[in-house]
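The values are calculated or read from the model by the stated rules, or taken from the named source; none is laboratory data. Please read all numbers here as calculations on a predicted model, not as lab measurements. For neighbour counting, all protein chains shown are included, and Cβ atoms are generated from backbone atoms with ideal geometry for every residue, glycine included. What goes into the accessible areas is simple: the full protein's heavy atoms, side chains included, and nothing from ligands, DNA or RNA. Shrake-Rupley method; radii C 1.70, N 1.55, O 1.52, S 1.80 Å.
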Amino acid sequence: MAFSFFKKNSETNNPTDDGLKVKQIIKETTDTVSLVFENPNWQYQSGQFLSLSFPIDGKEETRSYSLCSAPNTDQDLAVTVKRVEGGLISNYINDQVKEGDHIKVIAPAGVFTLPESKGNAFLFFGAGSGITPLFSMIKTILHQEADAHLTLVYTNRHEDSIIFKTSLAALEAQHANFKVIHILTRPTAEWQGKTGRLNADDIQAIYNEFPAKDQLHVYSCGPAPMMDLVAETLQKAGVAEQAIHQERFTASTGLTESESEEIVKQLVKIRLDGEEHEVEVNPDQTILEAALDQDIDMPFSCQSGLCTACRGRCTEGKVVMEEDDGLSEDELDGGYVLTCVSHPKSAGVVIEIE
Ligand SMILES: Cc1cc2nc3c(=O)[nH]c(=O)nc-3n(C[C@H](O)[C@H](O)[C@H](O)COP(=O)(O)OP(=O)(O)OC[C@H]3O[C@@H](n4cnc5c(N)ncnc54)[C@H](O)[C@@H]3O)c2cc1C
Ligand code: FES
């Protein structure tokens, strides 16, 4: 039976002035916490993320975190944050945030979501904190579709770094159609499961054993090399490119030296909500940064070229992007750019935000 996971974000998903209240903090592992927020009736889809902002040293710092809660099974909103060595916000959240705090949150966004309809076979590949959007998706599918086949391949360093270990085991025990394969790179001597790095042979073997290959959707979230390997191996095995979905937590590329040298100060015109603004963009700024400095009410979220919230169309002039993986080939051909990673490459650039 066809079913729909798709739920349009409500127009009431407006950030509140007070921020969202942290109702509970759950210590998931030694270096990971979950923040549970009281949900102000925001609608969202499994796989989407929130952007949290913190005033730090007089500057507002914003980072995106995938929702690990699922709209159908969890009343509240929750994100899970793993410490990044030397990272500003992940450590701040793990060390400083308390229950009862109010945090400025930008409403759920993102296109790493389940198919609108049809899809009864799902292979998930996660590593470390990359489990968060997958966990939400798994809960949604198990809640909505009894016939779906789901396998999660989850890689971690050791037993204690497995996030949601107990909850995943409980779901596996409860649903015969859900299987979890843990792979650990540095397990203790007691570990009975798979070890080492996920390689192409493992992926091929998991695919071969997967019981349902029709309408298969693959979702992966983890380091870029892992996701590239999953995509490459499964495409060779016959899985269509459009059926393989990835979420990246870190931006991968930057400008080459010669691209950087070409960037000089330029005036850029931005058309937004029927108004035209002229913005001076310095070589060390992105178009979004320069526009925000001029208090232009630009749409944005991750500021890393990942979420597409800042998408606009370059209708005149030339723009270079630090990375363009967030846009499809069609969007690139259509002149779309992500202003948060874009720099003017010529005079006379005009960007229309639609
Ligand atoms: C759409 C999206 C969803 C995300 N969801 C989650 C989530 O559910 N849980 C979660 O813990 N994180 C998630 N992230 C990552 C998160 O937004 C931050 O990037 C991360 O917490 C690091 O922020 P920081 O301020 O601590 O590090 P920063 O101070 O920004 O960076 C410090 C250093 O760490 C590197 N770095 C940044 N992020 C990572 C990373 N993830 N792994 C390794 N090195 C990194 C940076 O390149 C830099 O060198 C998500 C990111 C995106 C774009
Ligand atoms: S703000 Fe997320 S892609 Fe630009």
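Would you mind working out the magnitude of the charge dipole of the range 266-332 relative to its Cα centre, with +1 at each Lys and Arg C-beta and -1 at each Asp and Glu C-beta, to the nearest 20 Debye?
120 debye
Hey, could you pull the Cα Rg and Dmax for the chain, both in Å?
Computed over the Cα atoms of the chain, radius of gyration and Dmax are 21.1, 64 Å.
Show which lysines lie in cross-link reach of Lys269 when reach means a straight Cα distance below 19 angstrom and same-chain residues fewer than eight apart are skipped.
Output for Lys269: Lys318, Lys345.
Work out from phi, with θ = phi - 60° and the Karplus expression 6.51 cos²θ - 1.76 cosθ + 1.60, the ³J(HN,Hα) of each residue of the range 318-331, listed in order in whole Hz, and give x for Gly and Pro.
3J(HN,Hα) across the range 318-331, in whole Hz: 10, 10, 10, 9, 5, 7, 10, 5, x, 10, 7, 4, 4, 5.
Could you check the simple spin-label distance between Asp295 and Ala205, using points 7 Å along Cα→Cβ, in nm with one decimal?
6.2 nm
If I compute solvent accessible area with a 1.4 Å probe over the protein chains, what percent of it on the chain is carbon and sulfur?
Using a 1.4 Å probe with all protein chains present, the chain comes out at 44 percent carbon and sulfur.
What are the semi-axes of the equivalent ellipsoid for the range 198-354, taken as the square roots of 5 times the Cα gyration tensor eigenvalues, largest first, in whole Å?
Computed over the range 198-354, the values are 37, 16, 13 Å.
Per residue Cα convex hull volume for the range 85-237, in cubic angstrom?
Taking only Cα atoms, the range 85-237 has a hull volume of 160 Å³ per residue.
For the range 59-126 and the range 249-308, what is the centre-to-centre distance using only Cα atoms, to the nearest Å?
Centre-to-centre (Cα) distance: 25 Å.
Excluding ligands, DNA and RNA, what is the solvent-accessible area per residue of the chain at a probe of 1.4 Å, expressed in Å²?
About 49 Å² of surface per residue is accessible.
Once both labels are modelled 7 Å past Cα along the beta-carbon direction, what's the Leu88-Asp76 spacing in nm?
2.8 nm
Helix 200-209 versus the longest principal axis of the chain: what is the Cα-based angle in degrees, 0 to 90, to the nearest 10?
60 degrees
How large is ³J(HN,Hα), in whole Hz, for each residue of the range 282-289 in order, when computed from phi with the Karplus curve 6.51 cos²θ - 1.76 cosθ + 1.60 and θ = phi - 60°, using x for Gly and Pro?
Going residue by residue, I get 6, x, 8, 10, 8, 4, 4, 4 Hz, with x marking Gly and Pro.
To the nearest 10 degrees, how steep is helix 131-144 against the longest Cα principal axis of the chain, on a 0 to 90 scale?
60 degrees
Over the Cα atoms of the range 273-354, how large are the radius of gyration and the largest Cα-Cα distance (Dmax), in Å?
11.4, 31
For the chain, find the longest principal axis of its Cα atoms and tell me its angle to the long axis of helix 224-236, 0 to 90°, nearest 10.
The angle comes out at about 70 degrees.
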